[in-house]
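J.: I'd like to ask you about the structure that follows.
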Amino acid sequence: TLEISSVIIAPVTGVTAYALGGGNVSITNHGTITVATGVGISAGTGNGVANSVSGVVSINNSGTVVALGSISSPVIQINSDSTQGAIFTNSGTVTSLQLSTSSSNQAVAAYNGNVTINNSGTISGNVGLATATFNNNSGGIWNVGGSNSFGNNTNAINNAGTINIADASIFTASGTLAFNNSNAVNLLADSYAYI
């Protein structure tokens, strides 16, 4: 747990927490994490074999996480080999530094298993997710620009907040992808969206 007064400035990774044997992992950030060339928060359970352990990865951010946000260094990185789903809850700010410079930017990446994202804060950057449900809740803002990918099985984007789409933005899935909107999806000037 990082308290409100906590400040981490790191060259490669701000916070890393793994339970290789399959236990639970919980990261709570109320402070500020800045990583100019790497990953803001990296968490996982298991040792690289999908569905081999039973632990829950839970990341809760009410602070600020700013990181490179590239394909190889996302701002938030989840590696879950668990039979249980991971959860990322954001009521703060998550920012990919590459959002304005690369269509391959990545704010949140989940490489294995199921993940549920509950956003009531601001996420600036794309996602690369395994099977996922992205709940952009009331008050939530998701700024995207480029490629957003979802994995096998059933995926969903449930928007009750605001999604701002810039540049040429794509939302695709290896499985199915439901796009449910009950509030605002803004296509910014000179932009294109494909779902």
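J.: With a 1.4 Å probe and all protein chains left in place, how much accessible area per residue does segment 34-108 have, in Å²?
T.: For segment 34-108, the solvent-accessible area averages 33 Å² per residue.
J.: Take the alpha carbon atoms of segment 139-195, find their center, do the same for segment 31-110, and report the distance between the two centers in whole angstrom.
T.: 18
J.: Per residue, what accessible area does segment 140-195 have, given a 1.4 Å probe and all protein chains present, in Å²?
T.: Per-residue value: 49 Å².
J.: OK, next. Which order do the peptides 173-184, 136-147 take when ranked by the mean count of other beta-carbon atoms within 10 Å per residue, highest first?
T.: 136-147, 173-184
J.: On to the next question. For segment 53-146, which whole percent of the accessible surface, found with a 1.4 angstrom probe, sits on carbon and sulfur atoms?
T.: Carbon and sulfur: 47 percent of the exposed surface of segment 53-146.
J.: Now for a separate question. I need the per residue convex hull volume for the chain, using only the alpha carbons, in cubic angstrom as a whole number.
T.: Measuring per residue, one finds 97 Å³ for the Cα hull of the chain.
The values are calculated or read from the model by the stated rules, or taken from the named source; none is laboratory data. Keep in mind that what you see is a predicted model, and the values were worked out from it rather than measured. In this analysis, Cβ positions are derived from the backbone assuming ideal geometry, glycine residues included, and neighbour counts consider all displayed protein chains. Remember, those area values only see protein heavy atoms, side chains included, never the ligands or the DNA or RNA. Shrake-Rupley method; radii C 1.70, N 1.55, O 1.52, S 1.80 Å.
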